[in-house]
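Worksheet for the structure shown next.
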Amino acid sequence: MKHLIDSMDLSLEELESLFELARDIIKDESKYNEVCKNKIMGALFYEPSTRTRLSFEAAMLRLGGQVIGFSEASSSSVSKGESIPDTIRTVGSYADLIVVRHPKEGAPRYASFKSPVPVINAGDGGHQHPTQTLTDLLTIRQTKGQLGNQTIGICGDLKFGRTVHSLIKSISRYEGIKFVLISPPELKVPEYIKKEILIKKNIPFIEIETLEEAMSEMDVLYMTRVQKERFFNEADYVRLKDTYILDKEKLEYAKKDLAILHPLPRVNEISEEVDDDPRACYFRQVKYGMYVRMALIANMLEVV
Ligand code: CP
């Protein structure tokens, strides 16, 4: 049984095959409308979500399957003190696949040890968000025509941003990737990611503090939110939350074919005036997220 806990759990060949399936679903969704008939997905969200939960649910429904679960742990027996392994064993008795989001790093892996069915990590604390990375990679691939040979700018909360950690790990496997890492000193990429991925694999990267410094060099700009929920101290959040705001003026220096991504939700970090710029990909990205999750579910349930 295969789980998806870390963005590195999928080989490059497996990624390619998922993207190919996602593209085929986009081309003719009707071919896949019943492949998950009689299958049930459990969606256990211990932490709030709009896109991940609803795109997983929409994906399963569009494949002809059904969904059970909770969007708040307080509405389940978790509120009575039930452990993650007990909850997973129980839901695994009803469902064929379980999607878990949890505020604690490592919780989905812990859940997978006791699960009788495959588990997908839908985001664990400030650690990993592998299905967001599938979304991001498919968006870059569809927009830029390739995944390698690009300069990827990543801006915002690079310390707690789980989507950032998963994306760096995964896209580093493609040839010719360079990173421009833009953050305040307090929110830099964790040392373990720099040591284990960037330095170990000799991947060029620079760390800077302003968007303007490298705007003209980037092929992809991945904006992220400063995440209030990860801060221990409200004053630090308030001080850092509006450090970066991408607007039309800053984009004047950007490449004409820059792709602007954001995992969403955004707060202030991309001005709404950018939404109509042809380089803004973040709402298309949301839709790719649903298609790639359709491909992932169908693949993990071995129905295609
Ligand atoms: N990108 C993302 O994980 O969004 P949600 O928190 O709304 O699921």
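Among the listed residues Gly92, Gly69, Gly126, which satisfies the condition of being among the small types (Gly, Ala, Ser) and either under 29 Å from Ile168 (Cα atoms) or in contact with an Asp or Glu (Cβ under 7 Å, 6 or more places away or on another chain) (or both)?
Testing whether each residue is among the small types (Gly, Ala, Ser) and either under 29 Å from Ile168 (Cα atoms) or in contact with an Asp or Glu (Cβ under 7 Å, 6 or more places away or on another chain) (or both) leaves just Gly126.
From the list Ile154, Ile84, Ile88, Ile140, which one is touching a Lys or Arg at 6+ places or on another chain (Cβ under 9 Å) and buried (at least 24 other Cβ atoms within 10 Å of the Cβ)? It would help to see each step written out before you state the result.
Values: Ile154 fails: touching a Lys or Arg at 6+ places or on another chain (Cβ under 9 Å); Ile84 fails: buried (at least 24 other Cβ atoms within 10 Å of the Cβ); Ile140 fails: touching a Lys or Arg at 6+ places or on another chain (Cβ under 9 Å).
Of the residues listed, the single one that is touching a Lys or Arg at 6+ places or on another chain (Cβ under 9 Å) and buried (at least 24 other Cβ atoms within 10 Å of the Cβ) is Ile88.
Test of understanding: among Leu18, Leu4, which residue is surrounded by 13 or more Cβ atoms within 10 Å (Cβ to Cβ) and either in the same structural domain as Arg173 (by TED's automatic domain parsing) or within 16 Å of the ligand (Cβ to nearest atom) (or both)?
Being surrounded by 13 or more Cβ atoms within 10 Å (Cβ to Cβ) and either in the same structural domain as Arg173 (by TED's automatic domain parsing) or within 16 Å of the ligand (Cβ to nearest atom) (or both) holds for just one of Leu18, Leu4, which is Leu4.
Restricting attention to the stretch 44-56, does a residue exist that is in the same structural domain as Glu82 (by TED's automatic domain parsing), part of a loop (DSSP other than H, G, I, E, B), surrounded by 15 or more Cβ atoms within 10 Å (Cβ to Cβ) and more than 16 Å from the ligand (Cβ to nearest atom)? Reasoning before the result, please.
So the first thing to find is which residues in the stretch 44-56 are in the same structural domain as Glu82 (by TED's automatic domain parsing), and the list is 44-56.
If we keep only those that are part of a loop (DSSP other than H, G, I, E, B) too, we end up with 46-50.
Filter again for surrounded by 15 or more Cβ atoms within 10 Å (Cβ to Cβ), leaving 46-47, 49.
Right, trim to more than 16 Å from the ligand (Cβ to nearest atom) and you get none.
Scanning the stretch 44-56 turns up no residue that is in the same structural domain as Glu82 (by TED's automatic domain parsing), part of a loop (DSSP other than H, G, I, E, B), surrounded by 15 or more Cβ atoms within 10 Å (Cβ to Cβ) and more than 16 Å from the ligand (Cβ to nearest atom).
Going through the stretch 248-261 one residue at a time, which ones are in a loop (DSSP other than H, G, I, E, B) and in contact with a helix residue (DSSP H, G or I) (Cβ under 9 Å, 6 or more places away or on another chain)?
The answer is Glu252, Tyr253, Ala254, Lys255, Asp257, Leu258.
Scan the stretch 268-280 and give yes if some residue there is surrounded by 13 or more Cβ atoms within 10 Å (Cβ to Cβ), small (Gly, Ala, Ser) and more than 20 Å from the chain's Cα centre (by Cα), otherwise no.
yes
Kindly indicate which of Lys37, Lys31 is basic (Lys, Arg), more than 24 Å from the chain's Cα centre (by Cα) and part of a helix (DSSP H, G or I).
Lys31
If you check Gly65 against the conditions, is it away from the ligand (no atom under 16 Å from the Cβ), surrounded by fewer than 20 Cβ atoms within 10 Å (Cβ to Cβ) and either touching a residue at least 24 places away in the same chain (Cβ under 8 Å) or not charged (D, E, K, R) (or both)? Quick ask: steps written out before the conclusion?
Details: away from the ligand (no atom under 16 Å from the Cβ): yes; surrounded by fewer than 20 Cβ atoms within 10 Å (Cβ to Cβ): no; either touching a residue at least 24 places away in the same chain (Cβ under 8 Å) or not charged (D, E, K, R) (or both): yes.
Taking the combined requirement at face value, the residue does not satisfy it.
Looking at (1) of a type outside the set (D, E, K, R); (2) within 16 Å of the ligand (Cβ to nearest atom); (3) not in a helix (DSSP H, G or I), which is the only condition Ala59 fails?
Unmet condition: (3).
Take the conditions among the aliphatic types (A, V, I, L, M) and within 15 Å of the ligand (Cβ to nearest atom) and apply them to Ala73. Does it pass?
In short, no.
For the stretch 244-267, give me each residue that is closer than 21 Å to Pro185 by Cβ and touching a Ser or Thr at 6+ places or on another chain (Cβ under 8 Å).
Matches in the stretch 244-267: Ile245, Leu246.
Among the residues that make up the stretch 21-29, is at least one of them at pLDDT 95 or above, surrounded by 15 or more Cβ atoms within 10 Å (Cβ to Cβ), within 15 Å of the ligand (Cβ to nearest atom) and not small (Gly, Ala, Ser)?
No, that holds for no residue.
Does the stretch 262-284 include one or more residues that are touching a strand residue (DSSP E or B) at 6+ places or on another chain (Cβ under 6 Å), β-branched (Val, Ile, Thr) and assigned to a helix (DSSP H, G or I)?
yes
Kindly indicate whether Lys248 is under 26 Å from Phe56 (Cα atoms) and either within 16 Å of the ligand (Cβ to nearest atom) or exposed (fewer than 15 other Cβ atoms within 10 Å of the Cβ) (or both).
no
Anything in the stretch 219-243 that is assigned to a loop (DSSP other than H, G, I, E, B) and out of contact with any Leu (no Cβ under 6 Å at 6 or more places or on another chain)? List them, or say none.
Result: Asp219, Thr224, Arg225, Gln227, Phe231, Phe232, Asn233, Lys241, Asp242, Thr243.
The values are calculated or read from the model by the stated rules, or taken from the named source; none is laboratory data. These numbers were taken from a predicted model, which means no experiment stands behind them. Note that we place each Cβ from the backbone using ideal geometry, even for glycine, and neighbour counts take in every protein chain shown.
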